[in-house]
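All remarks here apply to the structure that follows.
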Amino acid sequence: MSVKALKGFKDILPDEVEIWQRIERIARDIFHRFGFSEIKVPILEKTDLFVRSIGEATDIVEKEMYTFTDRNGASITMRPEGTASVLRSFVEHGLHVRQPVQRLYTIGPMFRHERPQKGRLRQFHQLSCEVLGSDLPRLDAEVMAMAWLILKELGLSISLEMNSLGCPACRPAFKKTLIAFLQGHAGQLCEDCERRRETNPLRVLDCKSANCQEKYKNAPSILDHLCEGCGDHFQAVKQGLDVLNIPYSVNSFMVRGLDYYTRTTFELITDALGAQSAVGAGGRYDGLVKQLGGPDLPGIGFGMGIERLALLLRQSGQEAALPGIDLFVAALGEAAQETGYTLTNTLRTKGLKAAMDLEGRSLKSQMKQAGKSGARFALIIGDDELAKGEGVLRDMTTREQETIALKQDTAALAASLAERIQSQ
Ligand code: ATP
Ligand code: MG
């Protein structure tokens, strides 16, 4: 019996990888334009890191983490998100000492034991970034503008929703007001909301149930309960988005599934992925570095799901083709095969994507292969041509052919072919 991949764990096959590489290339380029440096952190961390940062009463910690005991009896978790690990590393290596404001990004797999469906996997991948050391509202707007640009350059149209979740000074009072409001609807809410009413009341607001949403129509709004500092910050973030011409809407019901958020939170939403409507999300987490044992530094970041971006790109018909090759060497006969073999390798050292058939098939079948491989050119060498010291270079698009002198050493021939092809 053959072994299959685990449920919710997906192979990314070569024809899909092209889209992934494009997403990563564009994202990296934009991260660099905004002054971010890449950081790579481990996939496994002590469980405590996530419990302390994400929060005990969250879906992730309560039921989604891949946690196990290692051979030494320590509790280990496969990271469900990136921020906690990056901050752990930031604190551990005292990165704040090197630069007062750090801009970091990372790309890699995350693990959550959820019910797999379209756009929802158990191993998924995120592009994520963090800025540590500044609480300026202009930074929040800049980070959202960066997320916006990534989506724009990918050719995706997505809406930005934002909110403020207040801070430890104003949120507790709002929570109390909300709990009292929810008390008035006790017994009328869905199972999740009934449970969260007391443990994590903010979470009820983004419940998907139409019945619950109907009840929350008159729920108190966090935006009416912000303290002066948070209110001013929120206004300034909106003003920053306005001057940068980033369209957004305020959604006062948007909370996030992680406890560490303060003030600005945002989501990048699409209506093209059914229930999996968020392609990215993020926000400010001003107390988190300190909570993880570091200095009292503010921070902000976001994560984008690569699987969801790839789905959207495919849905919008942006099928990326496999990278075509530059030159296919079609060699017929033993001597021609020998020449072709060294020539192909030398062409690769000159920077060309070159291929040849090692099986010694017929010319017809080699030309078929050349066509399939998307080659721009084919160099046809038969033993007869070789004897005359000639090969035929065919432009696979225009079908024009020209004779190429083969009587030079391989390096010189490869160099002149490379020059000829790269100039096209
Ligand atoms: P959702 O509401 O869809 O569960 P989330 O709020 O749990 O998303 P975050 O923790 O904010 O998501 O992660 C940021 C992004 O990572 C999401 O917007 C999404 O694109 C992606 N993501 C999160 N969980 C998954 C998953 N299980 N499979 C694929 N992508 C995911
Ligand atoms: Mg989730």
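The numbers here are math on the coordinates, done by the rules we state, and not lab data. Fair warning: this is a prediction, and the values are worked out from it, not measured in the lab. No Cβ is skipped: glycine too gets one built from the backbone with ideal geometry, and neighbour counts run over all protein chains shown.
Ordering Ala57, Ala180, Met144 by Cα displacement along the dipole of the chain toward the positive end leaves Ala180 in first place; charges were set at the Cβ atoms of Lys, Arg (+1) and Asp, Glu (-1). Remark: spin-label model distance Lys407-Ala186 equals 10.0 nm, labels positioned 7 Å along the Cα→Cβ axis. So, in nm, how far is label Glu419 from label Ala5 when the simple model puts each one 7 Å beyond its Cα toward the Cβ? So the label points at Glu419 and Ala5 sit 4.6 nm apart. In plain terms, if you count all Cα to Cα distances in region 1-132 and split them into 5 Å steps from zero, the share in each step is 2, 9, 16, 18, 19, 16, 12, 6, 2, 0, 0, 0 percent. So which trypsin sites (Lys or Arg not before Pro) in region 174-211 are both in a DSSP loop and have at most 10 other Cβ atoms within 10 Å of their Cβ? Those satisfying the criteria are Lys208.
The order of Glu385, Glu334, going from fewest to most other C-beta atoms within 10 Å of their C-beta, is Glu334, Glu385.
A full extension of the chain between Leu13 and Leu244 corresponds to an added length of 79.3 nm, given 0.36 nm per residue minus the alpha carbon distance. With axes computed from alpha carbons, what is the tilt in degrees of helix 228-243 against the longest principal axis of the chain, rounded to the nearest 10 within 0 to 90? For 228-243 against the chain, the angle is about 30 degrees. Taking region 154-187 and a reference point 7 angstrom along Cα→Cβ of Cys227, the backbone N atoms nearer than 18 Å belong to 164-178. Sparse packing (at most 16 other Cβ atoms within 10 Å of the Cβ) combined with a DSSP loop state is found for the following GluC sites (Glu not before Pro) in region 49-116: Glu56, Glu114. The slack in the chain from Ala387 to Asp70, taken as 0.36 nm per residue of separation less the alpha-carbon distance, amounts to 107.4 nm.
In degrees from 0 to 90, rounded to the nearest 10, what is the angle of the helix 14-33 Cα long axis to the longest principal axis of the chain? In the chain, helix 14-33 runs at an angle near 60 degrees to the longest axis.
Taking only the Cα atoms of region 98-239, the radius of gyration and Dmax are 18.4, 54 Å.
Residue pairs exceeding 30 angstrom between C-alpha atoms, taken from Lys40/Lys63; Lys217/Lys290; Lys40/Lys152; Lys7/Lys368: Lys217/Lys290; Lys7/Lys368. Of the residues Ile107, Val392, Phe234, the one whose Cα sits farthest toward the positive end of the charge dipole of the chain, with +1 on the Cβ of Lys and Arg and -1 on the Cβ of Asp and Glu, is Phe234. Around the Cα centre of region 327-422, unit charges on the Cβ atoms of Lys, Arg, Asp and Glu (plus for the first two, minus for the last two) sum to a dipole of about 460 debye. Here region 327-422 carries DSSP beta bridges of which approximately 50% are antiparallel, counting only pairs with both residues inside. Net length available on complete extension from Ser159 to Arg348 is 63.6 nm, with 0.36 nm assigned per residue and the Cα-Cα distance removed.
When the alpha carbon coordinates of region 327-422 are projected onto the principal axes, the ranges are 28, 27, 23 Å, largest first.
Here the residues Arg120, Arg284, ranked from fewest to most Cβ neighbours within 10 Å of their Cβ, fall in the order Arg120, Arg284.
When Arg98, Arg112, Arg79 are sorted by how many other C-beta atoms sit within 10 angstrom of their C-beta, beginning with the fewest, the order is Arg98, Arg112, Arg79. Taking amide H atoms as placed 1.01 Å from N in the peptide plane, the amide H of Glu390 lies under 5 Å from those of Leu406, each 5 or more residues away in sequence or on another chain.
When the alpha carbon gyration tensor of the chain is reduced to an equivalent ellipsoid, the three semi-axes, largest first, read 55, 23, 21 Å.
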